[in-house]
Amino acid sequence: MQIARTKEELRTMLAPLRGTGRMVLVPTMGALHEGHATLFRQARALAGAGTVVASVFLNPVQFNDAGDLAAYPRTPEDDVETCRNNGVDVLFMPMPEEMYSADRSITVEETHLSTVLCGASRPGHFAGVCLVVAKLFNLVQPTDAVFGKKDYQQLAILRRLVRDMDIPVTIHGAEIVRGEDGLALSSRNARLTPEHRAAAPCIYKFLLEARADYAQGAPAAGVAAAVRRKLEGIPGVRVDYAELVDAEHLHALADERRTALLAVAAWFGDVRLIDNIELQRS
Ligand code: AMP
């Protein structure tokens, strides 16, 4: 595995690999866990004899809360090993000063899907995501990119980004990787108190109950409200949102024959966790 810390090093490493098959990109913010490793292995399977490129970049532009950025876990040495052991060929690990000019003045903003769910409570977050992913697409020029459904809204917005900007990259959505107790793996889980870590698997339990209720005909609004109520019953938990929306455009579900998305964000103490599940009427 080769490691590039500058854009120039990345270009030099990738030049001889172009045109030799697929080039599959997996962008991450580091503090890598088994969810990321699964994405790397899926990228490896997709690329075949081609190239897997991973990026580890804690993108300051997508943090609307300076405290959240400061507290975000950083494990660069372990991240290198995780990439090496899971089929990554080239790892791009730049510093913020390398990625951004001090007087940068271009924004990349999706304006419809970004207004709801996490976009409503984290202003500017998805513009930061779109900017960094657009830059990574230009730097790497991948044929394919893999993103997790854990960040379902991000995946939907990035599908729009490539569609509306005619970016020639095929986006692949990967299923959520969970611990044995059902908690979706997340770099932020490491910051939970032992009590909140023990309670957090209930998120998935409530999502599964909601899926069963919805399949049996329960009204959409009631299903989302029940998840909110159950979460609010846990000491120290504050719900940011629990909403049932259309899985593609993320706004109100107008046609119940379409796939629905039940998405939640909740504060467990000072750690904000997100999770989601796709729902269908049976
Ligand atoms: P992050 O480092 O949190 O920005 O995540 C990098 C990529 O890994 C994103 O596409 C995430 O959706 C994906 N990811 C993170 N956690 C999981 C998980 N538990 N299951 C599947 N994908 C994940």
(message) Could you check the range 1-36 and list, in sequence order, the residues that are within 16 Å of the ligand (Cβ to nearest atom), part of a helix (DSSP H, G or I) and closer than 20 Å to Pro94 by Cα?
(response) His36
(request) List the number of the failed condition for Asn138; all other conditions in (1) out of contact with any Lys or Arg (no Cβ under 6 Å at 6 or more places or on another chain); (2) among the polar types (S, T, N, Q); (3) crowded, with 16+ Cβ neighbours inside 10 Å hold. (result) (3)
(request) Hey, could you check the range 169-180 for residues that are more than 10 Å from the ligand (Cβ to nearest atom) and outside any strand (DSSP E or B) and say which is farthest from Ala199 (Cα to Cα)? (result) Val169
(request) For Ala215, state whether it is within 14 Å of the ligand (Cβ to nearest atom), hydrophobic (A, V, I, L, M, F, W, C) and surrounded by fewer than 18 Cβ atoms within 10 Å (Cβ to Cβ). (result) no
(message) Report every pair of residues separated by at least 6 positions or lying on different chains whose Cβ atoms are under 7 Å apart, first residue within the range 180-195 and in contact (Cβ under 8 Å) with a residue 60 or more places away in the chain and under 23 Å from Thr28 (Cβ atoms), second of a type in the set (Val, Ile, Thr) and within 12 Å of the ligand (Cβ to nearest atom).
(response) Ala184/Ile176; Leu185/Val177
(request) With the condition kept exactly as written, say whether any residue in the range 251-268 is surrounded by 15 or more Cβ atoms within 10 Å (Cβ to Cβ), over 23 Å from the mean Cα position of the chain (by Cα) and aliphatic (A, V, I, L, M). (result) no
(request) Starting from the range 79-103, keep only residues that are closer than 20 Å to Val129 by Cβ, then list their pairs with residues that are polar (S, T, N, Q) and surrounded by fewer than 19 Cβ atoms within 10 Å (Cβ to Cβ) whose Cβ atoms are within a distance under 6 Å, requiring at least 6 positions of separation or different chains. (result) Glu98/Thr6
(request) Would you be able to say whether some residue in the range 203-211 is within 14 Å of the ligand (Cβ to nearest atom), surrounded by fewer than 17 Cβ atoms within 10 Å (Cβ to Cβ) and under 30 Å from Ala71 (Cβ atoms)? (result) no
(request) Give me a count of the residues in the range 49-66 that are among the small types (Gly, Ala, Ser) and under 17 Å from Pro96 (Cα atoms). (result) 3
(message) Suppose the filter is under 15 Å from Glu278 (Cβ atoms) and surrounded by fewer than 21 Cβ atoms within 10 Å (Cβ to Cβ); does Glu175 pass it?
(response) yes
(request) Considering only the range 138-160, state which residues are within 14 Å of the ligand (Cβ to nearest atom) and either without any contact (Cβ under 8 Å) to a residue 60 or more places away in the chain or in a helix (DSSP H, G or I) (or both). (result) Lys149, Lys150, Asp151, Tyr152, Gln153, Gln154, Leu155, Ala156, Ile157, Leu158, Arg159
(request) Inspect all residues belonging to the range 181-198 and state whether any of them is away from the ligand (no atom under 15 Å from the Cβ), hydroxyl-bearing (Ser, Thr, Tyr) and under 21 Å from Val56 (Cα atoms). (result) no
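Each value in this text was obtained by applying a stated rule to the coordinates, not by laboratory testing. Worth saying up front: this structure is predicted, and the values here are computed from it rather than measured. Methodologically, a virtual Cβ is constructed for each residue, glycine included, from the backbone with ideal geometry; neighbour enumeration extends over all protein chains shown.
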